[in-house]
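Written out below as structure tokens is the structure these notes cover.
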Amino acid sequence: MQLSFQQLRAQLLEVALSLAIVGVAHAAPSLPTGSRLYAPCVVCHQPNAWGSPDGAIPSLAGQQARYLEKQLAVFRSGARVDTAMQVVAAHQTFSNQHDIVSLASYLSGLDANPNPVEGTGEHLRVGQELYAHICAACHGADGRGERGNRVPRIAGQHYPYLRRQVELAANLHKDLAPPEMTSALRGMPPQEKDALADYISRLSNSATLLDSNRPDGAGISSRPISP
């Protein structure tokens, strides 16, 4: 029976990740622990942990350490599903809590991506308003998250990844996300989801964010967006 493109891609990815994981086991012991443990992640997340160039795979650099620890655990348990991440998390290395903490600490200490993939720049005022009402209370006004409660940094994350997460939040994070957040995202029109993800992708930029459709910056209450 002929394999579909997606099945073939998944199998090739599993082989690449498996080879990378084997490489970790034989890596020079002189390498710092975090850097050594990150080796299999480079296949998808790139050497600087800034994610894929197209923005589909997230940046991990500068992420909250305790959030990363939790995500490795939920991928390993199957509570969160992703072929590549489950291959990596299933390795015996990540059954060791010390290794998980070391990897998360290493990634958290890396410089965040200064140039994430962004959206079109339309309706940023709408995105700003949505963020203030739905996201800021937990993720912070600056989007940097909160270490103690395992709330992730979302500021400056890639737009394509954010857009996908906004779309699937109720399913991907049902054991982690507060119900008021998931219900708000679930009922949001597509254009507002675009605006929210685009705004968040630009939060690492200190420049004032203005809706490109309203150059005078008037009227933050431009919701709802007409299709």
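Every read-out reported here was derived from the displayed coordinates using simple, explicitly stated rules and does not represent laboratory data. Worth saying up front: this structure is predicted, and the values here are computed from it rather than measured. Note that we place each Cβ from the backbone using ideal geometry, even for glycine, and neighbour counts take in every protein chain shown.
Could you give the length gained on full extension between Cys138 and Asp111, defined as 0.36 nm per residue of separation minus the Cα-Cα distance, in nm? Using 0.36 nm per residue and subtracting the Cα-Cα distance, I get 7.5 nm. Each other residue within a Cβ distance under 15 Å of Gly145 adds +1 if Lys or Arg and -1 if Asp or Glu, for a net charge of +3. Electrostatic tally near Gly55: other residues with Cβ closer than 11 Å to its Cβ, Lys and Arg +1, Asp and Glu -1, net 0.
Loop-located chymotrypsin sites (Phe, Trp or Tyr not before Pro) in segment 90-164 (DSSP state not H, G, I, E or B) with no more than 15 neighbouring Cβ atoms inside 10 Å do not occur. Per-residue packing, averaged as other Cβ atoms within 10 Å, sorts the ranges 154-160, 115-121 into the order 154-160, 115-121, beginning with the highest. Determine, from the Cβ-Cβ distance of Gln97 and Glu122 and an R0 of 45 Å, the FRET efficiency 1/(1 + (r/R0)^6), rounded to the nearest 0.05. After rounding, the FRET efficiency stands at 0.50. For segment 134-164, the set of trypsin sites (Lys or Arg not before Pro) satisfying both a DSSP loop assignment and a count of at most 15 other C-beta atoms within 10 Å is given as Arg147. In this structure, the amide hydrogen of Glu146, modeled 1.01 Å from its nitrogen in the peptide plane, lies closer than 5 angstrom to those of Val151, counting only residues at least 5 positions away or on a different chain.
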